[in-house]
Amino acid sequence: MKKKYNSDFNVFEDSMEDSILPQIVWHITDKCYLNCKTCFAGIKKETLEDMPISKVREYLLCMKLLGVQKIDISGGEPLLYKDLSILVNECIRQGFYVTITTRGIGFSENYKWLVNNWEKFSRIIISLDGSNNHICDFYSTYNNTMSKALELCSDLKRKKCDIIRINTVINQKILSTDIIEEFVALIHDILPREWCLIEPHPLNKKSEFDDYAVKKGEFNIFVAKCKTFLKKDIEVITRENEMYSTYWVLQNDGYICQLSSGLDYKYSLLLSLDSLDTIKEYISNSLQKIPMIKEI
């Protein structure tokens with residue numbers, strides 16, 4: 001793919017540079033205090049694991065050889081990864097752009113480091129799936145998730161951070177017009193760079209997924225209402241299943257996987273220098289949809 005990452009807009013644009021895999025989501029840990037209804041990171045296991053920090057340089061070399069430009073640090077909850085600062089600094093040292101997706105709930109030293117080092121990132125993406133405490137706590141099965149997310153937003157704003165994005169997975173609890181208006185008012189208060197509305201994806205779906213996931217028509221109506229109610233200059237972007245189903249992720253156990261439109265991964269192979277040619281061949285022949293600057 002002849003694409004180049006634009007860190008100002010957090011999208012890609014046409015370029016003469018060739019990149020087999022322009023972006024990747026890196027699940028550095030599967031540790032998370034939450035149990036969100038429509039999470040597709042995977043069903044919780046009895047033993048939760050971090051990506052070994054000793055493997056970072058090998059994985060980054062593989063990513064560089066694949067042409068990765070932008071890495072989204074994710075989880076689990078990345079603030080529960082004890083070597084987060086080491087990992088991010090190594091990514092940047094090797095020339096990668098980095099975003100991070102978090103709820104602000106993790107180790108206090110990671111939280112403080114993130115707030116004080118926000119300029120290392122292209123985006124700090126904060127997940128917020130409801131417009132009030134009751135909805136957020138019910139959806140995540142964890143107390144005070146909304147207040148934690150808003151606290152992170154406030155602390156970042158005090159540091160003059162202007163790269164906040166809010167991620168919202170659309171669910172049945174937030175479809176009513178009064179809740180949408182309440183949510184829009186909340187977004188007006190936060191003033192993020194973008195508000196990203198996400199269609200629930202069935203990968204690794206839990207037993208309650210179908211009770212809370214929205215249908216395509218409901219998702220489209222929600223997006224349209226949000227765009228109508230928003231009065232301030234806040235960009236609304238979407239991530240629909242058609243795009244997510246082509247994304248590539250590196251799991252904490254070292255497997256590189258491509259999502260599918262269904263319940264399981266389309267492709268999965270242990271990432272190493274020995275397997276790189278096989279992985280390159282598959283990626284080169286697979287469909288990838290990435291956010292492009294023309295979509296803004």
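The values are calculated or read from the model by the stated rules, or taken from the named source; none is laboratory data. Small disclaimer: the values here were computed from a predicted structure and weren't measured. Neighbour counts run over all protein chains shown; Cβ positions are idealised from the backbone, glycine included.
Some observations on this one:
- Within the range 280-296, considering residues that are out of contact with any strand residue (DSSP E or B) (no Cβ under 6 Å at 6 or more places or on another chain) and among the aliphatic types (A, V, I, L, M), the one farthest from residue 252 (Cα to Cα): 296
- Just one of the listed residues (76, 104, 67) is under 21 Å from residue 192 (Cβ atoms) and either in contact with a strand residue (DSSP E or B) (Cβ under 7 Å, 6 or more places away or on another chain) or not aromatic (Phe, Trp, Tyr) (or both), namely 104.
- Checked across the range 225-236, the condition of being in contact (Cβ under 8 Å) with a residue 24 or more places away in the chain, over 26 Å from residue 161 (Cα atoms) and not small (Gly, Ala, Ser) holds for at least one residue.
- Being more than 30 Å from residue 174 (Cα to Cα), in contact with a helix residue (DSSP H, G or I) (Cβ under 6 Å, 6 or more places away or on another chain) and crowded, with 17+ Cβ neighbours inside 10 Å is a property that residue 60 lacks.
- Members of the range 165-177 found to be buried (at least 20 other Cβ atoms within 10 Å of the Cβ) and of a type in the set (A, V, I, L, M, F, W, C), listed by number: 166, 169, 170, 174
- Among the candidates 108, 74, residue that is modelled with pLDDT of 95 or more and either within 29 Å of residue 226 (Cβ to Cβ) or aromatic (Phe, Trp, Tyr) (or both): 74
- Checked against (1) under 29 Å from residue 242 (Cβ atoms); (2) touching a helix residue (DSSP H, G or I) at 6+ places or on another chain (Cβ under 9 Å); (3) assigned to a loop (DSSP other than H, G, I, E, B); (4) of a type in the set (S, T, N, Q), residue 168 meets all criteria but (3).
- When 207, 245 are checked against the criterion of being over 30 Å from residue 275 (Cβ atoms), among the polar types (S, T, N, Q) and surrounded by fewer than 20 Cβ atoms within 10 Å (Cβ to Cβ), a single residue qualifies: 207.
- Test: residue 271 is buried (at least 19 other Cβ atoms within 10 Å of the Cβ) and touching a helix residue (DSSP H, G or I) at 6+ places or on another chain (Cβ under 7 Å): yes
- When residues of the range 1-31 are limited to those that are in contact with a Gly (Cβ under 7 Å, 6 or more places away or on another chain) and among the hydroxyl-bearing types (Ser, Thr, Tyr), the one nearest to residue 285 (Cα to Cα): 19
- Boolean, residue 179 is over 19 Å from the mean Cα position of the chain (by Cα), at pLDDT 95 or above and either within 19 Å of residue 229 (Cβ to Cβ) or part of a helix (DSSP H, G or I) (or both): yes
- Residue 148 over 25 Å from residue 210 (Cα atoms) and either of a type in the set (S, T, N, Q) or without any contact (Cβ under 8 Å) to a residue 40 or more places away in the chain (or both): no
- Check on residue 82, within 26 Å of residue 12 (Cβ to Cβ) and either crowded, with 22+ Cβ neighbours inside 10 Å or without any contact (Cβ under 8 Å) to a residue 60 or more places away in the chain (or both): no
- Entry remark, the range 112-147: residues being under 30 Å from residue 177 (Cα atoms) and either touching a strand residue (DSSP E or B) at 6+ places or on another chain (Cβ under 8 Å) or not aliphatic (A, V, I, L, M) (or both) number 23 in total.
- Condition check for residue 223: surrounded by fewer than 19 Cβ atoms within 10 Å (Cβ to Cβ) and within 19 Å of the chain's Cα centre (by Cα): yes
- Tally, over the range 186-215, of residues that are among the small types (Gly, Ala, Ser) and either touching a residue at least 40 places away in the same chain (Cβ under 8 Å) or assigned to a strand (DSSP E or B) (or both): 1
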